[in-house]
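Down below is the structure, laid out as structure tokens.
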Amino acid sequence: MIPASFEYRRAGSVDEALALLRQDPDGTKLLAGGHSLLPLMKLRLATPGVLVDVGRIGGLSYVRDAGDHVAIGALTRHRDLETSDVARSEVPLLAHVAGQVGDPQVRHRGTIGGSLAHGDPASDLPAAVLALGGTLVVQGPGGTREVPVDGFFLGFLETALGPDEMLTEIRVRKGAAGWGFQKFNRRAQDWAIVGVAAVVGSDPRVALVNMGSTTVRARGVEEALAAGASPADAAARAAEGLDPPSDLNASTEYRQHLVTVLVRRALEGATTGRG
Amino acid sequence: MQVTVTVNGVPETHDVETRTLLVQYLREVRGLTGTNIGCDTTSCGACTVLMDGESVKSCTVLAAQADAHEIITIEGMAAADGTMHPIQQAFQEHHGLQCGYCTPGMVMAAASFLQEHPQPSEAEVREGLEGNLCRCTGYHNIVQAVLAAASPPEAVR
């Protein structure tokens, strides 16, 4: 399978990428590692006229301790996040989840910025960043803006990123008391049929993979936890208000049941410190 | 567009269409057909090669992205005199293949994995090869081969 023809441009800096985007925002896509975009292009589900390769922009691959939060450059590959000492000690949930994405070959190429900008509800990292209450730093023609993750994922493969903007950094708070991650699939390397990223403590946040058109928070679970419910009682509310998709892997009802099991496991792992 | 890619130590410059995938470039432009195309959807790992020493699925990399980078394919593993790479040797000795279609990708994935995990457990090998599918062997001998290749040379014999 070969992508449709496109014009290939290479950006040497964020400013250059933004200038190239500005020429035809709707017909242009940014290419980082390419592990979300190229498969879509090969299937001709995406046929951008212009591809701006941002993968060689220097200085956008880092995991940095920034005081109360950890700052991650958008071009940081999953493998680099997974093995980062700063990520492992300060935001272990994120390092762990980065190591669960796809397979080693995918993690050698895919980037956190690409994964978030793609906005696939079946991806793991968007849920991890949502559970951690992260902030996304976005650059565009009007300068830099910070988007809280709660307002970033708007719909299926749709985010708050404008067509002339580029995600440049992800910030996640440090010091989560406990965390858990669960991913259920039937084949190695596959997307989660359902996944759960949970952060417990004074401000519990539970984010779900593949339970709707975007990654979503399990509000009922969070409320129950805040009110002091046990993991099992809180997990029973995991599917509240959610209408997950039905597909080859699982029906809507199956997912609604599975999510209660996985949330319970994630919370039990989090509260006992097993991760 | 023009790309200069070093494949198995040999740099060459070619004009390619922008949409050329790395696996097509390797097979059709460089004539290195040891890298197989299996699923063509980033799943099976048959097209795995090393890019700057790390395993990647060459069906999901543009030749343009490999411009100015170093690629190693299965043809680059054996020594110039034909002596097999220790991983190839181990696959032969442990019968880590049947039809052989997944083998080049398996060997390249194993090479990258062993760089990152020089002394892996069996469980780590199985997880480390999760990006490569084999439809013949049930994986048992592949895992044994990778474990053997990880051990000091005398243990492989």
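The values are calculated or read from the model by the stated rules, or taken from the named source; none is laboratory data. Computed from a prediction, not measured in an experiment: that's the story for all the values here. Please note: Cβ atoms are built from the backbone with ideal geometry, for glycine as well, and neighbour counts cover all protein chains shown. The area values use the complete protein model at the heavy-atom level, side chains included, leaving out ligands, DNA and RNA. Shrake-Rupley method; radii C 1.70, N 1.55, O 1.52, S 1.80 Å.
Only one residue in A:ALA224, A:ALA232, A:ALA239 is open to solvent by less than 40 Å² (accessible area, probe 1.4 Å), outside any loop (DSSP other than H, G, I, E, B) and of a type outside the set (D, E, K, R), so which one is that?
The conditions single out A:ALA224.
Just to be sure I understand, how many residues within the range B:1-24 are outside any loop (DSSP other than H, G, I, E, B) and under 22 Å from B:GLY100 (Cα atoms)?
3
Could you list all residues from the range B:40-65 that are open to solvent by 10 Å² or more (accessible area, probe 1.4 Å) and more than 8 Å from every other protein chain (Cβ to nearest Cβ)?
B:CYS44, B:LEU50, B:ASP52, B:GLY53
One line per residue, one yes/no per condition, for (1) more than 24 Å from A:ALA176 (Cα to Cα); (2) over 17 Å from the mean Cα position of the chain (by Cα):
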{"site": "A:GLY33", "(1), (2)": "yes, no"}
{"site": "A:ARG44", "(1), (2)": "yes, yes"}
{"site": "A:VAL50", "(1), (2)": "yes, yes"}
{"site": "A:GLY55", "(1), (2)": "yes, yes"}
{"site": "A:SER61", "(1), (2)": "no, no"}
{"site": "A:ASP65", "(1), (2)": "no, yes"}
{"site": "A:THR76", "(1), (2)": "no, no"}
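Please go through (1) crowded, with 24+ Cβ neighbours inside 10 Å; (2) within 14 Å of another protein chain (Cβ to nearest Cβ); (3) over 15 Å from the mean Cα position of the chain (by Cα) for A:VAL70 and return the number of the only condition it doesn't satisfy.
Evaluating A:VAL70 over (1) crowded, with 24+ Cβ neighbours inside 10 Å; (2) within 14 Å of another protein chain (Cβ to nearest Cβ); (3) over 15 Å from the mean Cα position of the chain (by Cα) leaves (2) as the failure.
What number of residues within the range A:248-261 satisfy the criterion of being open to solvent by 30 Å² or more (accessible area, probe 1.4 Å), at pLDDT 95 or above and in a loop (DSSP other than H, G, I, E, B)?
1
Let's see how each residue does on (1) modelled with pLDDT of 95 or more; (2) within 30 Å of A:SER230 (Cα to Cα); (3) open to solvent by 10 Å² or more (accessible area, probe 1.4 Å):
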{"position": "A:VAL106", "(1), (2), (3)": "yes, no, yes"}
{"position": "A:SER115", "(1), (2), (3)": "yes, no, yes"}
{"position": "A:GLY133", "(1), (2), (3)": "yes, yes, yes"}
{"position": "A:ASP150", "(1), (2), (3)": "yes, yes, yes"}
{"position": "A:ALA160", "(1), (2), (3)": "yes, no, yes"}
{"position": "A:TRP191", "(1), (2), (3)": "no, yes, yes"}
{"position": "A:GLY201", "(1), (2), (3)": "no, yes, yes"}
{"position": "A:ALA207", "(1), (2), (3)": "yes, yes, no"}
{"position": "A:THR214", "(1), (2), (3)": "yes, yes, yes"}
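Residues that are over 29 Å from A:ALA32 (Cα atoms): find the helices (runs of 4 or more DSSP H) completely inside the range B:64-157 holding 2 or more of those.
Those helices (runs of 4 or more DSSP H) span B:86-93, B:122-128, B:140-150, B:153-156.
Looking at A:ASP80, A:ASP85, which is the one that is away from chain B (no Cβ under 14 Å) and open to solvent by 40 Å² or more (accessible area, probe 1.4 Å)?
After applying the criteria, what remains is A:ASP85.
Could you tell me which of the residues B:PRO86, B:PRO104 is within 30 Å of B:VAL5 (Cα to Cα) and open to solvent by 60 Å² or more (accessible area, probe 1.4 Å)?
On the way: B:PRO104 fails: open to solvent by 60 Å² or more (accessible area, probe 1.4 Å).
Every option except B:PRO86 fails the conditions.
Rundown of residues vs (1) in contact with a Lys or Arg (Cβ under 8 Å, 6 or more places away or on another chain); (2) in a strand (DSSP E or B); (3) more than 25 Å from A:SER13 (Cβ to Cβ); (4) more than 14 Å from chain B (Cβ to nearest Cβ), yes/no style:
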| position | (1), (2), (3), (4) |
| --- | --- |
| A:GLN105 | yes, no, yes, no |
| A:GLY113 | no, no, no, yes |
| A:ALA127 | no, no, yes, yes |
| A:GLY133 | yes, no, yes, yes |
| A:VAL147 | no, yes, no, yes |
| A:PRO163 | no, no, no, yes |
| A:ALA176 | no, no, yes, yes |
